[in-house]
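Please read the structure below before turning to the comments.
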Amino acid sequence: MIDDLLLYLSSKKATEEWTSLEELSEIMKRHGIHPEGTEQVMSFLKKYFLEVDENEQRARLNSWAHNLCEIRIP
């Protein structure tokens, strides 16, 4: 599920690179994550993979995570 979120975020175009936190929560819900689990997953993602704008309730991949998602394994 986390890999799906990272791939989703990495596929955003430059003009749409921010994603609402609510949208990310909805994606987790569709994967069967309960609200308590959503908070834990978001905490993990914020710590390692995301830049978060709390004022506007949106997130995007940080530069490290974006580079990680671009790696292709043959």
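The values are calculated or read from the model by the stated rules, or taken from the named source; none is laboratory data. If you're wondering where the values come from, they're calculated on a predicted model, not measured in any experiment. Here the Cβ is made from the backbone with ideal geometry for all residues, glycine too, and neighbour counts use every protein chain on show.
Filter segment 12-28 down to the residues that are over 14 Å from Phe49 (Cβ atoms) and at pLDDT below 75 and list them by number. Across segment 12-28, the qualifying residues are Lys13, Ala14, Thr15, Glu16. Please state which of the following conditions Asn55 fails to meet, knowing it meets all the rest: (1) part of a loop (DSSP other than H, G, I, E, B); (2) modelled with pLDDT under 90. Looking at each condition in turn, Asn55 falls short on (2).
Each residue in segment 12-55 was checked for being among the small types (Gly, Ala, Ser), closer than 17 Å to Cys69 by Cα and under 11 Å from the mean Cα position of the chain (by Cα), and 0 of them qualify. Residues that are part of a helix (DSSP H, G or I) and aromatic (Phe, Trp, Tyr) within segment 1-43 comprise just one, Tyr8. Looking only at segment 21-70, count how many residues are polar (S, T, N, Q) and either in contact with a helix residue (DSSP H, G or I) (Cβ under 9 Å, 6 or more places away or on another chain) or surrounded by 15 or more Cβ atoms within 10 Å (Cβ to Cβ) (or both). Residues flagged as polar (S, T, N, Q) and either in contact with a helix residue (DSSP H, G or I) (Cβ under 9 Å, 6 or more places away or on another chain) or surrounded by 15 or more Cβ atoms within 10 Å (Cβ to Cβ) (or both) within segment 21-70 amount to 4.
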